[in-house]
Every structure is written in C-alpha cells, then in structure tokens.
Amino acid sequence: MNDSVTITTRGAVTVHSWAGPAEGLSANTQFIELPTEIVAIDAQFDEAFARDALAYATSLGKPITRLYISHAHPDHFLGAAAFAAPVYALASLKADAAAIGRDAPAPDYVVSPGEEIIDGVRFDFQIVTDTEASEALVVGLPDHGILIAGDVLYNRYHLYIADGHLEQWARVIGQLAAEPYDVIVPGHGEPAGVELYDEVTEYLTFAKTALATAEDGAALKSALVNRFPDHRGVGLIDIQNGYIFPG
Ligand SMILES: [Zn+2]
C-alpha cells in the first residue's frame, strides 16, 4: 500500500491525488470524488500499483464510473486493466502507445474537447498538442477552480523532455495560466497553486539550453540535477536519456 495521498476539497468536489511509488515514476492517479461517484484520471505504471490505488479509492465508498487516460505514456495507462470502469481517452492513445512499443487499451469512449456535466459538476475537457506528449488531455472543473493538468505540469519532479516540444509546451502553459484556475493538480508531484506555471516554465527554459549544449546524457543529467537539486524523478532523466542520446 501507498499512503501518499493528497486531498483537495472545493465545495462538492474532493480530488484525491494518489501518488504511485518511485518505481512507477510517482505518477499520480487522480480520484475526483463527486457527490455520488468517482471519476479517475490515469492508471499507474503497472497493474499492481493500480490495485493499490484502487484499494484506497474503494475506501471512499463510491463507484468509479469512468477512467480517463491523459496521454500515451506508460506510467499513465499500463495499469488500466485493473480498473473495471469504462476507459475514456484520446483517439490517438492506442497508436501513440504502439509507436513506443506499448499496448494501451482501446478507449470505450473517445474524448472530444468541450464541457460535460458529470454528477452535477461541470467538467471542461481540453486537448493540448506538443507538450510533454504529442497529445494530452487536460481536465478543468471551472466552477471549482481546479485544473487537472496531467503531465503538462509536474511539481518538483524532473520533466520528461525527450519529446522535445519545449517552446510549444511553454506556450500552452501560458495559455492555461490565463484560465481561471487556482488549484493546479499535476501528473507528478503534489497539487499546488498557480506558482506551478512559472516553476515549470523556468524548468523548460533551462532544459532547452541544457539540451542544446549537453554533449551526452551524463552532462544533461548533471546540468538538470545541479540546477534543480530538490526535484524528484532523477530516474526519469536516465530513461529519457536513452531516447535523447540513443546508443
Ligand atoms: Zn507521467
């Protein structure tokens, strides 16, 4: 079991951010507790971690009616089979996962952008492109000020920058920052306030230069770790170095 849950309550909504273990890159599963049901976002790096997350959610005593998968990175969907709820995901999920050699579930429902009322609570689904992943789902609860950002934002955790869209990523963050949210729930790390926008943008700015100048993976890693010594997720740098510096 993992007791790393951060709870955020705003009116009729409580977001339980369940952080996976370090071996699962500490990826968050968000359990959005509504008046009579729970909407889950992201499914952990494997089924064992997902089962631990579900054991926590079961204690809340409400059914999980939907599982959303925010994007096609394995720490967010490999545990999906542990969930009984229907899968909601972007149309690109399965193909994007296959492109990195992973098998993602085919969505039961394809998510399109726009608003939907679920259990009396207004959700705003946004699809952003070329950020941490080529496509990603961002979920806002506009009446509650809560933005569930997936991996467009991390909190004090090294970013996965191997997909390399750093300028567009920063632009998208700027757009999100203009929206009326003040509780920001990231894909890795704990929920925070709007300061996350500047913190992640600063990381991206530094990483862009570090990427351009590092001669190899070790140099990139030491530059990032020296600049952001308190960030978790150093292991993620090793994983992405395999993509940035193949061989
Ligand atoms: Zn992730």
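The values are calculated or read from the model by the stated rules, or taken from the named source; none is laboratory data. What you see is a predicted model; the values in this text were computed from it and never measured. Every residue, glycine among them, receives a Cβ derived from its backbone with ideal geometry; neighbour counts consider all protein chains shown. Note: areas computed on protein heavy atoms with side chains; ligands, DNA, RNA excluded. Shrake-Rupley method; radii C 1.70, N 1.55, O 1.52, S 1.80 Å.
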Compute the acute angle (0 to 90°) between the alpha-carbon long axis of helix 217-227 and the principal axis of greatest extent of the alpha-carbon atoms of the chain; round to the nearest 10°. 70
Looking only at aspartates and glutamates whose Cα falls under 14 Å of K208's and that sit 8 or more positions away or on another chain, we get E132, D163, E167
Helix 234-244 versus the longest principal axis of the chain: what angle, 0 to 90°, nearest 10, using Cα atoms? 70
Would you grab the residues whose amide H sits under 5 Å from the one on I38? Only those 5+ places off in sequence or on another chain, please, with H modelled 1.01 Å from N. I64, T65
Would you mind telling me the share, in percent, of accessible area of segment 1-115 contributed by carbon and sulfur at probe 1.4 angstrom? 54
Could you give the dipole magnitude of segment 112-214 about its Cα centre, charging the beta-carbon of Lys and Arg +1 and that of Asp and Glu -1, in debye to the nearest 20? 280
Determine the relative contact order of the chain: mean sequence separation of Cα pairs under 8 Å and six or more apart, normalised by residue count, in whole percent. 14
Calculated Rg and Dmax of segment 101-155 using C-alpha coordinates, Å: 12.7, 39
How large is the dipole of the chain about the Cα centre if only Lys and Arg carry +1 and Asp and Glu carry -1, each at its Cβ, rounded to the nearest 20 debye? 140
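Take the alpha carbon gyration tensor of segment 22-94, find the square roots of its eigenvalues, order them as a ≥ b ≥ c, and report rounded if a/c is under 1.5; if not, report prolate when a/b exceeds b/c, else oblate.
Working: a/c = 2.02, a/b = 1.26, b/c = 1.60.
It comes out oblate by the Cα gyration axes.
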Putting +1 on Lys and Arg Cβ atoms and -1 on Asp and Glu Cβ atoms, find which of I64, Q44, P74 reaches farthest to the positive end of the dipole of segment 2-85. I64
How long is the gain from V234 to E23 if the chain were fully straight, where each residue apart is worth 0.36 nm and the alpha carbon distance is subtracted? 74.8 nm
Once the dipole of segment 159-247 is set up with Lys and Arg at +1 and Asp and Glu at -1 on Cβ about the Cα centre, which of I239, T205, V183 lies farthest towards its positive end? I239
I'd like the carbon and sulfur percentage of the solvent accessible area for segment 150-247, probe radius 1.4 Å, heavy atoms only, ligands and nucleic acids excluded. 51
By average C-beta atoms within 10 angstrom, highest first, the peptides 112-118, 191-197: 191-197, 112-118
Pop the C-beta distance of Y109 and E195 into the FRET formula with R0 = 30 Å and round what comes out to the nearest 0.05. 0.30
Could you give the distance between the Cα centres of segment 195-247 and segment 154-179, to the whole Å? 13
Result for the chain: accessible area per residue, probe 1.4 angstrom, in square angstrom, of 41
